[in-house]
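Taking it in order: structure first as structure tokens, then the write-up.
The values are calculated or read from the model by the stated rules, or taken from the named source; none is laboratory data. Bear in mind the structure is a predicted one, so any value in this text is a computation, not a measurement. Every residue, glycine among them, receives a Cβ derived from its backbone with ideal geometry; neighbour counts consider all protein chains shown. Heads up: the accessible areas ignore ligands, DNA and RNA and are worked out on the full protein's heavy atoms, side chains in. Shrake-Rupley method; radii C 1.70, N 1.55, O 1.52, S 1.80 Å.
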Amino acid sequence: MKRIRRWLAAALSAMAVLSVAGCGQKMIAGPLPAEGDLVLRVAWWTDGTLPVLPAEELDRALRRSEAHLQAVLSRKVRLDAPRPGDLQAEFDALVKPFGRLRFAYRLDPRQPLPEDQQRLVYARIMDLLRSEKFRPMLPSFSMDENSPDVRAILDTVTTQFGRAVDQLREKTPFWAGPYAADAVRDRRSVFAWSVVLGTVPVNGKPADLILTNDLLIFDSLTSLPPTALVTGGVVTGYTRLYPGVSIVSTLPFLSGDLSREERVAGLAWAITREVGGKLILMNEEDFHPGCVNAFWIPPLSDTGETPGPCERKHTPLDRRGLRTAYLADFIRGTALRGRPADAVRALEELRRLSPGDPVVEELQAMLDSAGRGEAR
């Protein structure tokens, strides 16, 4: 318990240095108002055959997260009473317009890591090493953060990542029977959530915060974050910055390794991290120990030591790039789903936001072609 308190204190003090200031350019609007009190809508989507967090503990975690957010942001943030829903039914409703989702190079914890996927993991680690975003993670693999032996890093991390995937499959009963179905796999997929939320308008999103009681797995091998390499792909949360939805999994906190108080404290911080650091402030993740997104996913991973104070400042994300990518995805998706008026309005916004971007003319041509097809 003391470890949790020290960890939360260090992480919250780190979060206090976050700033919504832009980098000398006009700020692109985020998904939520930048000032004033905020009331965020919360959904609680569950599968009744999986462990469910007691309602009293869920409420305590939300109230504690509100206190975190107010202390960090100096503004009131209220998390609404969670609206219940059936996890599979709610996810299926989001997926329905897409038909069957298809992804390439997707992590599947139901089976060992095949050779082609190992090569993709190698390439991803190499990308992270070049950007210096992965070296702070190396002590988690019993390696020196300053190790110069890149080949040893690649071999060690890939081997341990594959082992973590194997352990996940062995520890949990969620890969057999009905839990082996593609529909269930999709609802655990960060990549699937990203795709389906990419064509949800800001004013049509199901909630600002979606809590689920199933696993959440970052399964796009070409963009695995450093923390997911430590945990075999499991994450506690994911935020789709536009249209502005955070998803948090309560399942890791139901480990028998945690007391009730530790469970509430850990879940509250997971909510704070997604809602505060990402959804509201839209800041870049910093994976140094003690920083806002220091990984800690019981019982699947543990840093082994209490993180110290964060010495690095979080920098604002590229809002223009994120907004542009969302609008492009939204236009393609809504056009294919037979909502041309929505696509045209989004294209007008995209043209104002990034007038010289080649994707503007590409999307205009796509809409023109679709219009000619309808005319015939």
Residue within segment 142-152 that is outside any helix (DSSP H, G or I), acidic (Asp, Glu) and either on the phi > 0 side of the Ramachandran plot or surrounded by 20 or more Cβ atoms within 10 Å (Cβ to Cβ) (or both) present: no
Residues of segment 237-265 classified as in contact with a Phe, Trp or Tyr (Cβ under 9 Å, 6 or more places away or on another chain) and farther than 17 Å from Leu211 by Cα, total: 2
Filter result (among the hydrophobic types (A, V, I, L, M, F, W, C) and in contact with a Phe, Trp or Tyr (Cβ under 9 Å, 6 or more places away or on another chain)) within segment 82-109: Leu87, Ala89, Phe91, Leu94, Leu101, Phe103, Leu107
Count of segment 197-221 residues which are modelled with pLDDT under 90, of a type in the set (Val, Ile, Thr) and outside any loop (DSSP other than H, G, I, E, B): 1
Long-range neighbours under 8 Å by Cβ, at least six apart or interchain, first residue in contact (Cβ under 8 Å) with a residue 60 or more places away in the chain within segment 325-350, second surrounded by fewer than 22 Cβ atoms within 10 Å (Cβ to Cβ) and in a loop (DSSP other than H, G, I, E, B): Tyr326/Gly198; Tyr326/Leu241; Tyr326/Pro243; Asp329/Gly198; Phe330/Gly198; Phe330/Pro201; Gly333/Gly198; Asp342/Pro201
Residues (of a type in the set (Ser, Thr, Tyr) and surrounded by fewer than 24 Cβ atoms within 10 Å (Cβ to Cβ)) located in segment 250-278: Ser255, Ser259
Every residue from segment 64-87 that is open to solvent by 60 Å² or more (accessible area, probe 1.4 Å), assigned to a helix (DSSP H, G or I) and either touching a residue at least 40 places away in the same chain (Cβ under 8 Å) or on the phi > 0 side of the Ramachandran plot (or both): Arg64, Ala71
Segment 160-179, residues that are farther than 16 Å from Ala228 by Cβ and at pLDDT 90 or above: none
Residue count, segment 107-119 (criterion: modelled with pLDDT under 85 and open to solvent by 30 Å² or more (accessible area, probe 1.4 Å)): 3
Glu90 touching a Lys or Arg at 6+ places or on another chain (Cβ under 7 Å), surrounded by 13 or more Cβ atoms within 10 Å (Cβ to Cβ) and assigned to a helix (DSSP H, G or I): no
Sole exception among (1) within 28 Å of Glu170 (Cα to Cα); (2) without any contact (Cβ under 8 Å) to a residue 24 or more places away in the chain for Phe91, by number: (2)
Hey, Leu224 closer than 19 Å to Lys133 by Cα, out of contact with any Leu (no Cβ under 6 Å at 6 or more places or on another chain) and modelled with pLDDT of 90 or more or not: yes
Odd one out for Ser246, checked against (1) of a type in the set (S, T, N, Q); (2) assigned to a strand (DSSP E or B); (3) at pLDDT below 85: (3)
Selection count where residues are under 22 Å from the mean Cα position of the chain (by Cα), part of a helix (DSSP H, G or I) and hydrophobic (A, V, I, L, M, F, W, C), scope segment 163-196: 11
Members of segment 249-283 that are part of a strand (DSSP E or B) and at pLDDT 90 or above: Ser249
